[in-house]
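Trainee: Starting off with a structure, shown below.
The values are calculated or read from the model by the stated rules, or taken from the named source; none is laboratory data. Note that this is a predicted model, so its numbers are computed, not measured. Please note: Cβ atoms are built from the backbone with ideal geometry, for glycine as well, and neighbour counts cover all protein chains shown. When the accessible area is computed, the model is the full protein with side chains, heavy atoms only, and any ligands, DNA or RNA have been set aside. Shrake-Rupley method; radii C 1.70, N 1.55, O 1.52, S 1.80 Å.
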Amino acid sequence: MFTKSVLIAVLATLSTASAFAPAPLNTRVIASSVAAPLFMADDDDDFTDVDEPAPEDFIVNVGDIEEPEADDASEPAWALLNERIEAVRIKHRRSEKDTGSPEFQVAGMTERIAYLTGHLKAHPKDFSTRRGLVALVNKRRRLLNYLFTQDTQRYQDVVASLGIRHKQPSRVQSKDEKYGRFNQQKPNKYANQNKSVV
């Protein structure tokens, strides 16, 4: 049917094509029963290159996809969060160089908690963020408990200005105060229990 040279030439052109490039649609296939030489001696013939893909092969040309232009005026949410945290910390700090007071830390944590709460409303299955949020709430609670033990008035001012729901820590009850309303445990009656130790 085909001569060996024609088959080798077709296989050579197929092997040089990239495996990831789309197959060209307009390839020259020799369908006649008479074997024609692959390269003609005449330069007058109109010869199309088999390796060159047709312009229709490209699904999307470079530059055809127009990306929506991002609005440069709007900042990302994390940048706005950092600005809000800085503003609240400035409002609640004790002095110009204050970076570690409980009021300063609680103010920053409250803003982060509000941001993470909104994030979790949008992404309810983000469990790693939920774990971080719970840790942050617990850390803020411990700082508020410490502030309450140090200065009750400052504690009340911070809770009122930030709108935090926090239960004031109560004093630790003794065992009799905590469990005094319950009946005492009955003594065990073991056979080998010493009744009197002399």
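Trainee: Restricting attention to the range 111-182, which trypsin sites (Lys or Arg not before Pro) occupy a DSSP loop and are surrounded by at most 10 other Cβ atoms within 10 Å?
Mentor: On the way: sites: 112, 121, 125, 130, 131, 139, 140, 141, 142, 154, 165, 167, 171, 175, 178, 181; in loops: 125, 165, 167, 171, 181.
In loop regions of the range 111-182 (DSSP not H, G, I, E or B), the sparsely surrounded trypsin sites (Lys or Arg not before Pro) are 125, 165, 167, 171, 181.
Trainee: May I pose another question? How much accessible area per residue does the range 86-198 have, in Å², with a 1.4 Å probe? Write out the running numbers ahead of the final one.
Mentor: On the way: 9260 Å² over 113 residues.
Per residue, the range 86-198 has an accessible area of 82 Å².
Trainee: Right, another one. Of the heavy-atom accessible surface of the range 110-198 (probe 1.4 angstrom), what whole percent is carbon and sulfur? Mind dumping the intermediate values first?
Mentor: Values: 3930 of 7840 Å².
Roughly 50 percent, rounded to a whole number.
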